[in-house]
Amino acid sequence: MQKLKVGDTVQVISGAERTAGDKAAKRGKILKIDRGALRVRVDGLRMVTKHVKKGRDKANPQGGKLEKAGTIALSDVALVCPKCDAPTRVGVRDAGDRRVRFCRKCEAAID
Ligand SMILES: [Zn+2]
């Protein structure tokens with residue numbers, strides 16, 4: 001069972017996006033998970049500016065600067081538990097005939 005899913009809210013716990021002196025917790029929803037590269041794309045985090053030529057990108061026919069979420073290493077983010085509102089490690093346990101994820105801090109099930 002996967003410990004992180006698209007749509008989960010995660011918090012940056014280490015790496016380049018968590019700069020020294022910046023105490024504010026950086027959180028966002030997972031947009032995409034690249035399990036091969038072990039990286040995630042998180043909404044609003046690790047924004048990168050792409051320079052697009054006119055007509056190159058159908059979504060942006062004008063071209064120019066484009067702000068886009070870059071990727072973060074999977075190991076640099078932790079799931080935010082909806083119950084205790086803290087970044088936590090995720091456990092997996094059996095719940096009858098299915099397996100559910102749970103918060104290792106407060107034991108609450110996370111669907
Ligand atoms: Zn919790």
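Read-outs throughout are calculated quantities, based only on the coordinates presented, and are distinct from any laboratory measurement. Because the structure is a prediction, the values reported are computed rather than measured. Neighbour counts run over all protein chains shown; Cβ positions are idealised from the backbone, glycine included.
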Give, rounded to the nearest 20 debye, the magnitude of the charge dipole that the chain has about its Cα centre when Lys and Arg contribute +1 at Cβ and Asp and Glu contribute -1 at Cβ. 400
Determine the gain in length on full extension of the stretch Met1-Asp57; use 0.36 nm per residue of separation and subtract their C-alpha separation, reporting nm with one decimal. 16.5 nm
The set of residues whose placed amide H lies less than 5 Å from the amide H of Ala108, leaving out same-chain residues fewer than 5 positions away, is Cys103
Using the Cα centre of the chain as origin and beta-carbon charges of +1 (Lys, Arg) and -1 (Asp, Glu), tell me which of Val80, Val48, Ala109 is placed farthest towards the positive end of the dipole. Val48
Long-range HN-HN contacts of Cys81 with modeled amide H, under 5 Å: Ala86, Thr88
Once amide H atoms are built 1.01 Å from N in the peptide plane, which residues 5 or more positions from Arg39, or in another chain, come under 5 Å H to H? Asp34, Leu74
HN-Hα J in Hz across region 38-55 - Karplus 6.51, -1.76, 1.60, θ = phi - 60°, x for Gly and Pro: 6, 10, 10, 9, 10, 4, x, 10, 6, 5, 10, 9, 9, 9, 10, 6, 3, x
Mind running the shape call on region 37-111? Use the C-alpha gyration tensor, a ≥ b ≥ c as the square roots of the eigenvalues: rounded below 1.5 for a/c, prolate if a/b tops b/c, oblate otherwise. prolate
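Relative contact order for the chain: what is it in percent, counting Cα pairs under 8 Å that are at least 6 residues apart?
Details: 202 pairs, mean separation 25.0, N = 111.
Reported relative contact order: 23 percent.
For region 1-78, take N as its residue count and report Rg(C-alpha) divided by 2.2 N^0.38 Å.
For region 1-78, the normalised Cα radius of gyration comes out at 1.24.
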